[in-house]
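A quick write-up on the structure given underneath.
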Amino acid sequence: MELDVLTAISPIDGRYRSKTHQLADYFSEYALIRYRVRVEIEYFIALCELPLPQLADFDHSLFEPLRDIYRNFSEKDAARVKEIEQTTNHDVKAVEYFIKEKLSTLNAHCGATSAKRELSAYMEFIHFGLTSQDVNNTSVPLSIKEALEQVYYPMVEELIEQLNDYAEQWKNVPMLAKTHGQPASPTRLGKEVMVYVYRLEEQLRALKDTPITAKFGGATGNFNAHHVAFPQYDWREFGNSFVADKLGLEREQWTTQISNYDWLGALFDAMRRINTIIIDLDRDFWMYISMEYFKQKIKAGEVGSSAMPHKVNPIDFENSEGNMGMANAVLTFLAQKLPVSRLQRDLTDSTVLRNAGVPMGHAVIAIQSTLKGLRKLILNEGKLQQDLENTWAVVAEAIQTILRREAYPNPYEALKALTRTNQKMTEETIHAFIQQLEVSDEVKEELMAITPMNYTGI
C-alpha cells in the first residue's frame, strides 16, 4: 500500500495528519535533510568568512545564492539526496555530495568575475574536518528549536490566553471546592482556572530558558582534523561562534563524538512538565462536566454514543489526556536514554533521536483537543449555586476561626461535633448553632453574614 492518511502506521501521520502536518517541516526525513544542507552551507560560509587561506578569494556575493540551496530546498532535492545515498549508503555523505553538485552549477555565475577561481577549487571545504554528528547534532537541535518557537510555544500560549479569558469571565463565580473528593472551603471558578494559567506560564518560561545545545567539535570532540590542518586558528572559539551566531544554539564545550544530550534531556523534561499540567487540566474539566458545572455545545450531526442517543461525551479532554500520556512516555524515554552512550559513541542516539518529533506530534494533537473542549463549554451556574446551597457545613471553618479570634473555648471541637454527623447542615442548622453561642451580638451578626456563596477568600 502507498503511504497516506489511511495506510499510515502512526496516527500522527494518519488519523491526526490534519492536526500535525506543520510538524513535517521540522521532523520529516525531508526536513532533516534540509536542516543538514543548511548546516553544511552555513559552515562553508563561516570558513570563507574566517577566512581559511584557501577560501580567502571566494566570491562573497555567492553566499546568498548558496543559502538559496536550503532556502528553496524542494522535495525533488531531497529525493536527489536519497538517490545519492543509495550509492554512498551514508546519509550525511550524500548531503555533502548533493551540495557539491549544486556548487558546480554556480560556476557560470562565478565565471563573470575573472579574478575568482572555478568553484570546483573550493569543493573540498564542504564538510571540511567534520564528522556526521557535527551535522546531525546541530541539525536536530535546530529543528527542535524552530518547531518549539513556531508551533509548540504558540499553541501553549493560545491555551494560556483562552484560560486567562475564562479566568476573567468567571472571576466572581463562587464554587464549592473539593479536596479528597469531599466538600471544602468554597472558592471561585475563575481563580481555579487562574491556577492553570499561572502554572503554565511558569513552566513555559522555564522551558524557554532551557538552553538548546549542540555538539560541534570533529570526530571525537577535539577538533583533531581542524587543528592538524590549520593549527594557527582557535577552533574552539570558531565553533562557539558558528553554533551561536549562525544557528542560534549553544555549543557544548566538552563532548565525545556525539552530544552529551544533557540539556536536550532537560528540555524534554520541561516539555513534559507542561504536558502534565495540561493532563491535570483535562481531568479537572472532565470532572466539572461530570458534576454538571458545565454543559457542552452540541454540534448537529455529532454522535456521542453508538447506543445511547442522549450522550454528549467530554471526548476532547479524553483525547488530549491520552495523547499527552503518549507524548510524556516518549519524552521520558528520550530524556533518560539520550545522555547514555558507550565510550565515545554508539549509534543508539541516532536511532532514538529520529523520534524527537513523535512527542511533539502527540502534544500538538492534545493541545488542540483541549482548546476544542474548552471552547465547547457552557457554564451551568445554577448547578454551582445548588451545590453551595446544599453544603452549608463548609462555613464551619469560617465560624471556628472567628471564634478562635474571640478566644472562645474549644471552637474547633464545637464545630466538629456539629458538622461531623449524618445530619444535613442547612442555613437554619448553622444559624441556630450561632444563636446559642455565648458571644456578643456583633460577633453573632458577623457569623450570620457568612454563607457558602461569599466565603470565597481573596
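The values are calculated or read from the model by the stated rules, or taken from the named source; none is laboratory data. Predicted model only: the values in this text are computed from it and were never measured. Note that each Cβ is placed from the backbone with ideal geometry, even for glycine, and that neighbours are counted across all protein chains shown. With ligands, DNA and RNA removed, areas are computed over all heavy atoms of the protein, side chains included. Shrake-Rupley method; radii C 1.70, N 1.55, O 1.52, S 1.80 Å.
Values computed for the structure shown
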| read-out | value |
| --- | --- |
| Test for residue 408: is it open to solvent by 20 Å² or more (accessible area, probe 1.4 Å), part of a loop (DSSP other than H, G, I, E, B) and either out of contact with any strand residue (DSSP E or B) (no Cβ under 9 Å at 6 or more places or on another chain) or at negative phi (or both) | yes |
| Only one of 61, 18 that is part of a helix (DSSP H, G or I), polar (S, T, N, Q) and under 30 Å from the mean Cα position of the chain (by Cα) | 18 |
| Which listed residue, of 393, 398, 414, is among the small types (Gly, Ala, Ser), in a helix (DSSP H, G or I) and in contact with a Pro (Cβ under 8 Å, 6 or more places away or on another chain) | 393 |
| Filter result for residue 313 (in contact (Cβ under 8 Å) with a residue 40 or more places away in the chain, of a type outside the set (Asp, Glu), more than 30 Å from residue 136 (Cβ to Cβ) and touching a strand residue (DSSP E or B) at 6+ places or on another chain (Cβ under 9 Å)) | no |
| Residue, most open to solvent (accessible area, probe 1.4 Å), within region 320-352, restricted to residues that are among the charged types (D, E, K, R) and within 22 Å of the chain's Cα centre (by Cα) | 321 |
| Among (1) in contact with an Asp or Glu (Cβ under 9 Å, 6 or more places away or on another chain); (2) more than 30 Å from residue 320 (Cα to Cα); (3) without any contact (Cβ under 8 Å) to a residue 24 or more places away in the chain; (4) not acidic (Asp, Glu) - the single one residue 99 does not satisfy | (3) |
| Near pairs, Cβ below 7 angstrom, 6+ apart or cross-chain, from region 145-172 (within 16 Å of residue 209 (Cα to Cα) and open to solvent by 20 Å² or more (accessible area, probe 1.4 Å)) to any residue that is not in a helix (DSSP H, G or I) and not basic (Lys, Arg) | 145/212; 145/248; 145/249 |
| Breaking point among (1) open to solvent by 40 Å² or more (accessible area, probe 1.4 Å); (2) closer than 30 Å to residue 133 by Cβ; (3) not in a helix (DSSP H, G or I), for residue 245 | (3) |
| Single residue of region 181-209 satisfying the filter (hydroxyl-bearing (Ser, Thr, Tyr) and closer than 22 Å to residue 152 by Cβ) that is least open to solvent (accessible area, probe 1.4 Å) | 196 |
| Verdict on residue 446 being open to solvent by 90 Å² or more (accessible area, probe 1.4 Å), part of a helix (DSSP H, G or I) and not aliphatic (A, V, I, L, M) | no |
| Counted residues, region 353-375 - those being in a loop (DSSP other than H, G, I, E, B) and open to solvent by less than 60 Å² (accessible area, probe 1.4 Å) | 1 |
| Members of region 213-229 found to be outside any helix (DSSP H, G or I) and surrounded by fewer than 18 Cβ atoms within 10 Å (Cβ to Cβ), listed by number | 220, 222 |
| Residue 130 assigned to a helix (DSSP H, G or I), open to solvent by less than 40 Å² (accessible area, probe 1.4 Å), aliphatic (A, V, I, L, M) and at pLDDT 95 or above | no |
| Given (1) in a strand (DSSP E or B); (2) under 30 Å from residue 268 (Cβ atoms), number of the condition residue 201 does not satisfy | (1) |
| Residues that are surrounded by fewer than 19 Cβ atoms within 10 Å (Cβ to Cβ), outside any helix (DSSP H, G or I) and not hydrophobic (A, V, I, L, M, F, W, C), drawn from region 257-298 | 292, 295, 296, 297 |
